[in-house]
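Beneath this line is the structure, given in structure tokens, with notes to follow.
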Amino acid sequence: WYQARRRHLAVRGAAVKIQAVVRGGVERRRYLARKAEAETQYRKALLLRNDPPQDGKMWGDRKRRAAKLFEKAAEAGYAPAKAWAAYCSLLLYEGGEMEHEAAVEWTRQASTAGDPFGTAVLAWAYLCGRGVTKDRKKGYRLARESAEAGDAFGQWVLGNCFQWGWGVGQSWAEAVEWYGKAAEQGHPWGLNNFGRCHDTGNGVPENEEEAFKWQLEAAEKGNAVAQYNVGVYHEHGLGGAKKDKELAMAWYKQAADQGEPKAAAKLRGLTSITSGGFWAWFSK
């Protein structure tokens, strides 16, 4: 009886071990499948943000869809998506709708893990007081850390610190330098602000043609503020831009779809006036 009992327990133990191995294998496959799905969502979101919409479709729609995909990927634990999900919600016109406190927690995790982009997004939260108590000295330190690590968004954030004197002495020369670095990397906000500096003559000689060139590139990359500005250039024929009401309206539509209020107001005015045939208004 004793030997039979031992054999029975040994068989049962082996069966339990096999079941554990099988369960472990199933869980591992499920984990890998979730990770693969999250990575796919993340890459699709990047494509939505980086590829211009075709056939008159709106940048705003692409950004909102991208933000949702970043959030899903982040919720599944995909680390690279966390800072992007936070970015979309903590900045204006980037398509996200997360609670700011949750967005800050995700970007804090990304920053702690050594992601310079996550550090830049966290800096922006502290500078603007979104989801955290406003602390511009801390925001400046985080922005400099990210910018010096080469992150384009961090360079734009640091440029803002110098432009507005957030946590550091105000300096247009420093602001332009960091906006220029962000623009050279093709970041839409960097392109827009670098262009605006040329438009206003702050930190660089005033040059409408240069201003239009940089802001047009930003607009083509989906920046809502730049899209409004480019609309103004086309509305009035500034900076070497073609004076064209249809082009102006197209850019205002793109910006307004992302929530830019001045573009929405311009669009209402242009639509009502052009529909009434008042060309004299547009020629002013």
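Okay, residues lined up against (1) over 19 Å from TRP106 (Cα atoms); (2) within 15 Å of the chain's Cα centre (by Cα):
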{"position": "LEU47", "(1), (2)": "yes, yes"}
{"position": "ASP51", "(1), (2)": "yes, yes"}
{"position": "PHE70", "(1), (2)": "no, yes"}
{"position": "GLY77", "(1), (2)": "no, no"}
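Take the conditions under 22 Å from ASN192 (Cβ atoms), modelled with pLDDT of 95 or more and either in a loop (DSSP other than H, G, I, E, B) or open to solvent by 20 Å² or more (accessible area, probe 1.4 Å) (or both) and apply them to ARG130. Does it pass? Criteria met by ARG130.
For every residue, the table says whether it meets (1) open to solvent by 30 Å² or more (accessible area, probe 1.4 Å); (2) over 25 Å from ASP115 (Cβ atoms).
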site: GLN155; (1), (2): no, no
site: GLY169; (1), (2): yes, yes
site: GLU174; (1), (2): yes, no
site: ARG196; (1), (2): yes, yes
site: ASN202; (1), (2): yes, yes
site: PRO205; (1), (2): yes, yes
site: GLU210; (1), (2): yes, yes
site: GLU220; (1), (2): yes, yes
site: GLN227; (1), (2): no, yes
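Quick one: is ALA103 within 23 Å of ALA33 (Cα to Cα) and either in contact with a strand residue (DSSP E or B) (Cβ under 6 Å, 6 or more places away or on another chain) or open to solvent by less than 10 Å² (accessible area, probe 1.4 Å) (or both)? Let's see the steps before the verdict.
Details: within 23 Å of ALA33 (Cα to Cα): no; either in contact with a strand residue (DSSP E or B) (Cβ under 6 Å, 6 or more places away or on another chain) or open to solvent by less than 10 Å² (accessible area, probe 1.4 Å) (or both): yes.
Criteria not met by ALA103.
Could you check how many residues of region 211-253 are among the polar types (S, T, N, Q) and more than 16 Å from the chain's Cα centre (by Cα)?
2
Where helices (runs of 4 or more DSSP H) fall entirely within region 152-218, those with at least 3 residues that are of a type in the set (D, E, K, R) are at 172-184. Taking each residue of region 76-104 that is touching a residue at least 40 places away in the same chain (Cβ under 8 Å) and under 18 Å from VAL157 (Cβ atoms) and looking for partners that are open to solvent by 50 Å² or more (accessible area, probe 1.4 Å) and assigned to a loop (DSSP other than H, G, I, E, B) with beta-carbon atoms closer than 8 Å, six or more apart or interchain, yields LEU90/ARG130.
For GLY95, the test of being part of a helix (DSSP H, G or I), surrounded by 23 or more Cβ atoms within 10 Å (Cβ to Cβ) and not hydrophobic (A, V, I, L, M, F, W, C) is failed. Restricting GLU37, GLU99, GLU71 to those that are more than 28 Å from ARG144 (Cα to Cα) and either modelled with pLDDT of 95 or more or of a type in the set (Asp, Glu) (or both) reduces the list to GLU37. Please tell me if ARG43 is free of Cβ contacts under 8 Å to residues at least 12 places away in the same chain, part of a helix (DSSP H, G or I), farther than 21 Å from GLU217 by Cα and open to solvent by 90 Å² or more (accessible area, probe 1.4 Å). Judged against the criteria, ARG43 is a match.
Of the candidates LYS266, LYS253, LYS262, the single residue that is open to solvent by 50 Å² or more (accessible area, probe 1.4 Å), out of contact with any Gly (no Cβ under 9 Å at 6 or more places or on another chain) and not in a loop (DSSP other than H, G, I, E, B) is LYS262. Hey, does region 17-27 have a residue that's open to solvent by 100 Å² or more (accessible area, probe 1.4 Å), at pLDDT below 95, among the β-branched types (Val, Ile, Thr) and part of a helix (DSSP H, G or I)? Checked against the condition, which is being open to solvent by 100 Å² or more (accessible area, probe 1.4 Å), at pLDDT below 95, among the β-branched types (Val, Ile, Thr) and part of a helix (DSSP H, G or I), region 17-27 yields at least one hit.
For beta carbons closer than 8 Å, sequence separation of 6+ or different chains, a first residue in region 158-182 that is farther than 16 Å from GLY201 by Cβ and a second that is among the acidic types (Asp, Glu) and outside any loop (DSSP other than H, G, I, E, B), the qualifying pairs are GLY159/GLU174; GLY159/GLU177; PHE162/GLU174.
The values are calculated or read from the model by the stated rules, or taken from the named source; none is laboratory data. The model shown is predicted, which means the values in this text are computed figures rather than measured ones. Counting neighbours? That spans all protein chains shown, and the Cβs are built from the backbone with ideal geometry, glycine included. With ligands, DNA and RNA removed, areas are computed over all heavy atoms of the protein, side chains included. Shrake-Rupley method; radii C 1.70, N 1.55, O 1.52, S 1.80 Å.
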